[in-house]
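Asker: Starting off with a structure, shown below.
The values are calculated or read from the model by the stated rules, or taken from the named source; none is laboratory data. Keep in mind that what you see is a predicted model, and the values were worked out from it rather than measured. Cβ placement follows ideal geometry from the backbone for every residue including glycine, while neighbour counts extend to all protein chains displayed.
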Ligand SMILES: [Zn+2]
């Protein structure tokens, strides 16, 4: 089975869409939230846990795996699916976001980027061809063109970076030798509607199997992010998946699905879980809070996750305070269940013509965190 995307239905009152992505390692119903497995592991969980949670797609990071343990080693094991023993669909990013986050440790030119490893300071170089070669060794089902992720507010710099990202997208496409991996192009352009439109038009002309929306959730406001999605909606081809990279929070899922996004990934649910913060339908809660010290209830009474079916708030708080490893695993299980289950409900509501009602009800009950995480 090669890669394909089928749009199954579209909501009448918003741009919400439901569809299905077919990949060589299985189907991904959309909209979808992909847990992040930076180092070829979703921290604290086994592949079996992920399957029980109903995860259908996971993300791993090209930059991190290239540095450690190395793409050649992973290729020797038959690729990432075999190395980490996750049989389902995998997506790898381009490494662009990580490399461009290495302030002071990198140098950009027309051909590529020279950077220093955050692990040992050794010098490395990424070009579009190199990044595709690495991702071919890793063997994910969905791979990314190499892109530059510029600061979102500097117009002139974004103009220059966008031209480079487009030339790199053409080179990434030309460098591809495997036919079983779907190459997505990455729309950039900061917070500027004209640049975003230009980027979407250019990448659409390359006729790629899917499109990422990159460079958002990096310091702009939510209103700016929503505006960019609205600019892109009519330009990106309707019969291809749209993937909003690095987003989001529970409220982002609703707001961005409503603006036509099909795919998400974010470290937020797993990262905050390891700090003892969990999602509930009323908002985010910190389990270290003293008010849970003797609480016999689960995190959420109606949650079907293993943690909530089994353990009290008092026990979870105790594990966190005592710095027990199990705490991190149990909170991670709950938060990923929350995200995946919410996305399954969103998808069903789109089929039922009830998405807007579900969105309004969810957002009315959910207290959002004002500071960015
Ligand atoms: Zn739960």
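Asker: For the range 94-117, name all the residues that are crowded, with 16+ Cβ neighbours inside 10 Å and assigned to a loop (DSSP other than H, G, I, E, B).
Answerer: 94, 95, 112
Asker: When you scan the range 205-216, do you find a residue that is more than 17 Å from residue 188 (Cβ to Cβ) and touching a strand residue (DSSP E or B) at 6+ places or on another chain (Cβ under 9 Å), even just one?
Answerer: Yes.
Asker: Does any residue of the range 358-370 turn out to be at pLDDT below 95 and over 24 Å from residue 298 (Cβ atoms)?
Answerer: yes
Asker: Please find, within the range 272-298, the residue that is farthest from the ligand (Cβ to nearest atom) out of those that are in a loop (DSSP other than H, G, I, E, B) and either in contact (Cβ under 8 Å) with a residue 24 or more places away in the chain or surrounded by 20 or more Cβ atoms within 10 Å (Cβ to Cβ) (or both).
Answerer: 293
Asker: Are any of the residues in the range 246-260 surrounded by fewer than 17 Cβ atoms within 10 Å (Cβ to Cβ), under 29 Å from residue 337 (Cα atoms) and touching a residue at least 12 places away in the same chain (Cβ under 8 Å)? Break it down into steps so the answer makes sense when it comes.
Answerer: Here is the first cut: in the range 246-260, the ones surrounded by fewer than 17 Cβ atoms within 10 Å (Cβ to Cβ) are none.
Looking for residues that are surrounded by fewer than 17 Cβ atoms within 10 Å (Cβ to Cβ), under 29 Å from residue 337 (Cα atoms) and touching a residue at least 12 places away in the same chain (Cβ under 8 Å), one finds none in the range 246-260, hence no.
To keep it simple, each residue is scored yes or no on (1) over 18 Å from residue 184 (Cα atoms); (2) in contact (Cβ under 8 Å) with a residue 24 or more places away in the chain.
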site: 50; (1), (2): yes, yes
site: 61; (1), (2): no, yes
site: 82; (1), (2): yes, no
site: 102; (1), (2): yes, no
site: 134; (1), (2): no, yes
site: 146; (1), (2): no, yes
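Asker: Regarding the range 156-164, can at least one residue be identified that is on the phi < 0 side of the Ramachandran plot and in contact with a strand residue (DSSP E or B) (Cβ under 7 Å, 6 or more places away or on another chain)?
Answerer: No, because not a single residue in the range 156-164 is on the phi < 0 side of the Ramachandran plot and in contact with a strand residue (DSSP E or B) (Cβ under 7 Å, 6 or more places away or on another chain).
Residues checked against (1) at pLDDT 95 or above; (2) touching a helix residue (DSSP H, G or I) at 6+ places or on another chain (Cβ under 6 Å); (3) within 16 Å of the ligand (Cβ to nearest atom):
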| site | (1), (2), (3) |
| --- | --- |
| 178 | yes, yes, no |
| 240 | yes, no, no |
| 260 | yes, no, no |
| 265 | yes, no, no |
| 270 | yes, yes, yes |
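Asker: While we're here: Restricting to the range 199-211, give me the number of residues that are out of contact with any helix residue (DSSP H, G or I) (no Cβ under 9 Å at 6 or more places or on another chain) and either crowded, with 20+ Cβ neighbours inside 10 Å or assigned to a strand (DSSP E or B) (or both).
Answerer: Within the range 199-211, residues that are out of contact with any helix residue (DSSP H, G or I) (no Cβ under 9 Å at 6 or more places or on another chain) and either crowded, with 20+ Cβ neighbours inside 10 Å or assigned to a strand (DSSP E or B) (or both) number 1.
Asker: If you don't mind, there's one more thing I want to ask. How do the helices (runs of 4 or more DSSP H) wholly within the range 299-373 filter down when requiring 3 or more residues that are within 27 Å of residue 222 (Cα to Cα) and either touching a strand residue (DSSP E or B) at 6+ places or on another chain (Cβ under 7 Å) or within 13 Å of the ligand (Cβ to nearest atom) (or both): which remain? First the steps, then the outcome.
Answerer: Numbers: elements: 306-310, 313-321, 325-351, 355-365.
Ranges flagged: 325-351.
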